[in-house]
Amino acid sequence: MLSSLQKLPYGFVAALTGVMAFPVASHSATSEQAPRAVAGDGTALASSPRSTDDADSADDDGESDDGQLADDGAHMSSPSHDGAASDDHADACLAKTICSVKDKIRWQTPAWTPTQCRRIAGAVSTSAKRHNLSPTLLLAIMINESDMNEKANRVYLHDSKIYAKDSGLMAIRCIVDKKDHCTNGNVRGMAWKQLMDPVTNIEVGARELAYWRDGGGVSKTVVNRRDESGHLHRVTKDVQCRHLTHAYWAHYNHGPRYIDRGYPRHYPHRIAVIDHALATVMNVDAPELTGARITMHDPGKRERTIDRPLEPRFKKLYNQILQAGSCGPLALN
């Protein structure tokens, strides 16, 4: 248990989620779990980082092929004829990488068939395009959250009854009712089995990630404010987080406020090294890794970089991904 994490104030979180509530990513199979911020309506907003130990397996009744998310109208334009071959190769490379990495990191779970790998690759590619995300970043979060276990299901109890489940590839928090439907945030009203469908699960995770990137996070700033008598007072104000000391995907784990102390502060770096390894074997760009600082600095130590995993679990994952084999883009003739 990471006792250093503190819950957010209920009043602030309730106010924030009153405007827009999103499901939170958690960790479906972890041996260290921190307290989570919960909104006034019970919506979870933050989760703990994975431990450095190998993940525990998680059991589930199985996946449902029904109930994929309806198209929200965010269509991408059809690829041009000239780029069709390149797109096809990129999709094949993504599927090949997914199959290879899955086979290397799975723990007491069966390998995916080529058909399953193509389905996951198609979902990752589609959701990445829809939300303007790098496919490698989505896949990196998936690897960290569930070890690519589509049946991952971490259950939380309250008064000896199931209260919530961190579910699927992207470890989406579902606070369940008596009928096993989600009651929180962006998955409100969704059947838990529907959320466990891998395609649906990936889309929900991508939607949340884009939300944190586009202004969902908050930070504090001190401003001068004049009262009715004309006197200036310094007050603390919540503002949109500019992600100056961390990558925006930190909020996928932390919720609205970035946790700048202790073990959790390096969650964005741990995702970044996986992202970098994936981008390397696929020979693709990952622009999110070059845009800004990815994590808080360790006092007295060298800066963390995307090609230097530090914790044992991430050193292992980094090397396993690099061993998956390269499948770069088509050569230009």
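A few comments on the model shown:
- Computed lengthening from residue 240 to residue 91, 0.36 nm per intervening residue step minus Cα-Cα distance: 50.1 nm
- Links that overshoot a 22 Å alpha carbon limit, given the list 237/301; 165/316; 165/193: 237/301; 165/316
- Diagonalising the gyration tensor over the Cα atoms of the range 260-323 and scaling each eigenvalue by 5 before taking the square root yields semi-axes of 20, 14, 9 Å, largest first.
- For the listed residue pairs 104/315; 129/151; 151/179, the alpha carbons are over 22 angstrom apart in 129/151.
- Between residue 260 and residue 179, the distance separating the two model label sites (each 7 Å from Cα on the Cα→Cβ line) works out to 4.5 nm.
Bear in mind these aren't lab numbers, they're just calculated from the coordinates by the rules spelled out. No experiment lies behind these values; they were computed from the predicted model shown. Backbone-built Cβ (ideal geometry, glycine too); neighbour counts: all protein chains shown.
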